[in-house]
Amino acid sequence: MARRLGEMLLAEGLITEAQLKQALTAQKKHGGKLGSHLVAMNYLTEDQLLTGISRQLGIARIDLGSVSIDQSTLNLISSDMAYKYKVIPIGREGKKGLTVAMSDPTDMIAIDDIRFRTGFDIHTLVASETAIDQALMQYYPTSDALGKLPVTTGGNVEVIVQDPLSDTSAGGHAPDDPPAATLLNSVILDAILKGASAIHIEPFERKIRIRFRIDGVLHEEASPPIRMRTEIQSRLENLFKFDRAARRQPKISQISATINDHPVRMMAQIYPTLYGDKILIKIWNQNDLSLDISQLGLQRKAFSDLSKAISGHYGLIVFAGPHKTEKMRTYYSILNTANTEHQNVVSIEDPIEYYMEGVNQVEVNIKGALSLPTALQFLQDEDLDVIGISDLSDTAILGIATHLATRCRVYGLVGSHGTEDALTQLMNREIDIRLLAETLKCVVTQASVRKICEHCKTPTEIEEDRFVRFGIDPQKLAGRTYYVGKGCDRCYHTGYRWRQPVFEVMPVSPRIADMMIQGAPSHEIRMEAIKEGMRPIKEDALLKFARGITTLDEIAKAFS
Ligand SMILES: [Zn+2]
């Protein structure tokens, strides 16, 4: 019997016992593969992980990008099984053997089940989980995995198709022509596998442009034939249950879907442009959500300051930063620390981006059903332990939040460009500033930098001048290896893949509360916080650079 992956990596000296423990806890909580958690936590790179597995088990690595697999081999493993166990069949071996690529060849349950269901002896090769995901997309693009999408989201698709209001603008085609359905499904699945946060479908005179927003940047994908324009839109209207009577009008709708067994929230927005409706689909993949605050990448002091702020019975904690979805992820993980049977946790959101079991999530503003002020009025008398408010930008709402913060914990979001900006926004309002200063416990500001692509990461030289320009003492970093992404197919030749949050956590000390009451300018308040030991956000980003996660270029871009 093979040893477990964690033990092996420990034996290789690639991770520490504490890191293994953290990753196992995360795995227990969120599922997924242990290896991916370790990589996500930056304890080792995907490459080190693969080398470790390969060396310990004596199993060869395979570069899935460089092999071609014939259809008769692919037919040996069903799409369901391939997606379930993240396994790719490579080829037959003798009469009774089948060689497969897996990211975790110690997963005996998977191997046993594949052996049982295929009747072959299974020989394993190891490949990264990212490479397996890509290969799944390439080799099993349609069939059952995609079939799940319309079934779970649009139970009433047929009903809508029969709607007499769905007029004849489809030009004689049935509005739910299967090619359009298949196309839209595969676009959505592709976007999810690539980790896109949004899909843009834009009609022009001669083409339909499809672009994915990945790691904050738009990338163009293959264009569908222009003649499918109307069908694609019809299919989308069905999927998102749009009111089809309201033609040529902006519309917005949300759905939850299950894609490859993962819950995903999507919001579609359409509005008329010159050559037809522009479609925007935002994606919130529940899989991207880590509810473990130890996984946010906070440095030790920031982590302990934040932990202290959220351990009290009352107080206001503000999450600031430019990107709502990134802040929301932090917000959810903080909210989750209170998510126990002993506490009443309510979260008011616009819109709900991820589902959290155990939290009373209230959605406001969608289709005008319930407004944020009305929801808050209702909740004022509720027996609360924690209330989250996804937007504090309204003065009246901030006022209510500070009152609530005298008797329970209040977590709120503010769109801002930094701690200073957030403080200015909070203090320059017609509210009781003394109450704000007394209840505000902590301001958590976050931004993000792109991570170097693990697939094309290579050591690089950096001139001393550059360190100096960043205010870094080159001596301090002597002997370290720096990296850069050369660019590859996996990262759209950008050299970057995925994002890393960086933080500035400002606890409100008595001195800072006094400064707020006296109306001190926010830059002076922030300077005081730095004097008291707060690490500026740019320094946090530089630490990520020193650890080989990102580059100086990326930091320069994020904090210019
Ligand atoms: Zn790359």
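Only the coordinates and a few stated rules stand behind these numbers; no lab work does. Being a predicted model, the structure only gives us computed values, none of them experimental. Positions of Cβ are backbone-derived with ideal geometry, glycine not excepted, and every protein chain shown enters the neighbour counts.
Over 10 Å intervals from 0, what percent of Cα-Cα pairs in the stretch 5-138 sits in each interval? Histogramming the stretch 5-138 at 10 Å steps yields 12, 44, 33, 11, 1 percent. The gain in end-to-end length when the Thr406 to Asp243 segment is fully stretched comes to 54.3 nm, 0.36 nm per residue minus the alpha carbon separation. May I ask which of Lys241/Lys324; Lys29/Lys451; Lys441/Lys557; Lys251/Lys441; Lys86/Lys278; Lys301/Lys476 have a Cα-Cα span longer than 28 Å here? Beyond 28 Å: Lys441/Lys557; Lys251/Lys441; Lys86/Lys278. A simple spin-label model places pseudo-atoms 7 Å from Cα toward Cβ; at Lys476 and Leu274 they are separated by 5.3 nm. For the chain, DSSP calls about 65 percent of its internal beta bridges antiparallel. Mean projection of the Cα convex hull over all viewing directions, computed for the stretch 281-340: 5.1 nm². With R₀ fixed at 35 Å, the C-beta to C-beta distance from Thr16 to Leu193 puts the FRET efficiency at about 0.65. When you restrict to C-alpha pairs under 8 Å that are six or more residues apart and normalise by the size of the stretch 5-138, the relative contact order lands at 23 percent.
Taking 4.7 Å between C-beta atoms as the pairing limit, the chain has these partnerless cysteines: Cys408, Cys442.
Pairs of Cα atoms nearer than 8 Å and 6+ residues apart set the relative contact order; for the chain it is 9 percent.
Kirkwood-type hydrodynamic radius, the chain: 26.0 Å, calculated from all non-identical alpha-carbon pairs.
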